[in-house]
Amino acid sequence: MEKTVAQKLEALKNLQSIDSELDEIKKVRGALPDEVADLEDEIAGFETRLQKFENEQSELEGNISDHKTQIKNSEALIKKYEEQQMNVRNNREYDAISKEMELQKLEIQISEKRIKEAYAKIEFKKGDIEKTTEELEERKKDLDNKRAELETLTQESEADEKKLLASREKAGKQIEERLLNSYQKLRDNARNGLAVVPVSRGACGGCFNVVPPQRQADIRDAKKLIVCEHCGRILAEVTDEIVTEEKKPRRSRKKATKA
Ligand SMILES: [Zn+2]
């Protein structure tokens with residue numbers, strides 16, 4: 001049986017209100033996954049930086065231990081030279097050994113200087129590591145919170161979403177295919193997802209352009225489907241004036257315009 005225009009409009013409004021609720025769910029959930037991904041990137045960056053600092057620190061520690069070994073070697077050489085000096089045959093040999101000893105003492109001094117420098121650098125690195133670790137921990141805490149938030153939200157909305165999708169299917173069956181297709185096309189093209197809107201204060205609820213009085217009267221008559229001449233959205237009702245008749249449609253209108 002052919003439905004009246006009023007019935008068609010009622011079915012369209014119903015569908016729009018369900019779709020708007022679904023949009024709302026996706027919108028709320030939509031921001032969090034991005035935030036979680038951003039934090040994950042940031043954390044990866046901090047971890048890379050931390051790893052680099054730690055590598056640099058262990059490299060410096062390696063340098064220190066190398067220099068310490070070198071000092072020990074030099075000291076052993078000096079000891080050996082001291083013994084050799086006891087058994088020299090002439091001054092020339094003695095002087096030559098003295099020169100070698102001086103050289104080793106110089107080596108020791110250089111190593112000691114390098115060790116001191118390395119320790120200073122390590123102190124600096126430790127500061128960097130501490131700061132980076134703190135920031136990393138903070139981000140990790142943020143991430144944990146956001147993840148938990150997202151999970152709760154997804155869990156909560158998953159149930160709602162399921163229910164809404166079921167209602168949507170039912171609501172869609174109340175609308176003839178051709179009309180349903182134009183509705184879907186309108187929704188796809190509208191940034192706010194609104195295909196069915198009321199006329200409020202003389203303006204289209206989708207694009208806010210003025211709807212002429214004659215068109216408003218036609219909408220009230222509900223003899224045929226009226227669309228906005230600016231945006232093409234289906235104008236389902238005129239929400240001003242006549243308060244008594246409005247009570248019911250108003251509720252769905254509120255939901256519909258929220259998104
Ligand atoms: Zn419009």
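The values are calculated or read from the model by the stated rules, or taken from the named source; none is laboratory data. Computed from a prediction, not measured in an experiment: that's the story for all the values here. Here the Cβ positions follow ideal geometry from the backbone for every residue, glycine too, while neighbour counts run over all protein chains shown. Note: accessible area is taken over every heavy atom of the protein model, side chains too, but ligands, DNA and RNA are not part of it. Shrake-Rupley method; radii C 1.70, N 1.55, O 1.52, S 1.80 Å.
General observations
- Search result, residues across region 195-213 that are within 20 Å of Ala6 (Cβ to Cβ) and more than 8 Å from the ligand (Cβ to nearest atom): Ala195, Val196, Pro198, Val199, Ser200
- Of everything in region 214-236 that is in contact (Cβ under 8 Å) with a residue 24 or more places away in the chain, basic (Lys, Arg) and more than 10 Å from the ligand (Cβ to nearest atom), the residue that is most open to solvent (accessible area, probe 1.4 Å) is Lys223.
- Taking region 101-148 as the range and being open to solvent by 80 Å² or more (accessible area, probe 1.4 Å) and more than 28 Å from Gln57 (Cα to Cα) as the test, the residues that pass are Glu102, Leu103, Asp144, Asn145, Arg147.
- Inter-residue pairs, beta-carbon under 6 Å, first among the acidic types (Asp, Glu) and in region 29-56, second assigned to a helix (DSSP H, G or I) and surrounded by 15 or more Cβ atoms within 10 Å (Cβ to Cβ), 6+ apart: Glu35/Lys146; Glu42/Arg139; Glu56/Lys125
- Members of region 83-94 found to be of a type in the set (Asp, Glu) and open to solvent by 90 Å² or more (accessible area, probe 1.4 Å), listed by number: Glu83
- Some residue of region 149-161 being of a type in the set (Ser, Thr, Tyr), outside any strand (DSSP E or B), within 16 Å of the ligand (Cβ to nearest atom) and surrounded by 14 or more Cβ atoms within 10 Å (Cβ to Cβ): no
- Residue match in region 183-190 (condition: within 35 Å of the chain's Cα centre (by Cα), part of a loop (DSSP other than H, G, I, E, B) and not charged (D, E, K, R)): yes
- Residue count for region 233-255, restricted to those that are at pLDDT 95 or above and under 37 Å from the mean Cα position of the chain (by Cα): 2.
- Matching residues in region 170-194 - criterion: being open to solvent by less than 60 Å² (accessible area, probe 1.4 Å) and either within 11 Å of the ligand (Cβ to nearest atom) or touching a helix residue (DSSP H, G or I) at 6+ places or on another chain (Cβ under 9 Å) (or both): Ala171, Gly172, Ile175, Leu179, Leu180, Tyr183, Leu186, Arg187, Ala190, Asn192, Gly193, Leu194
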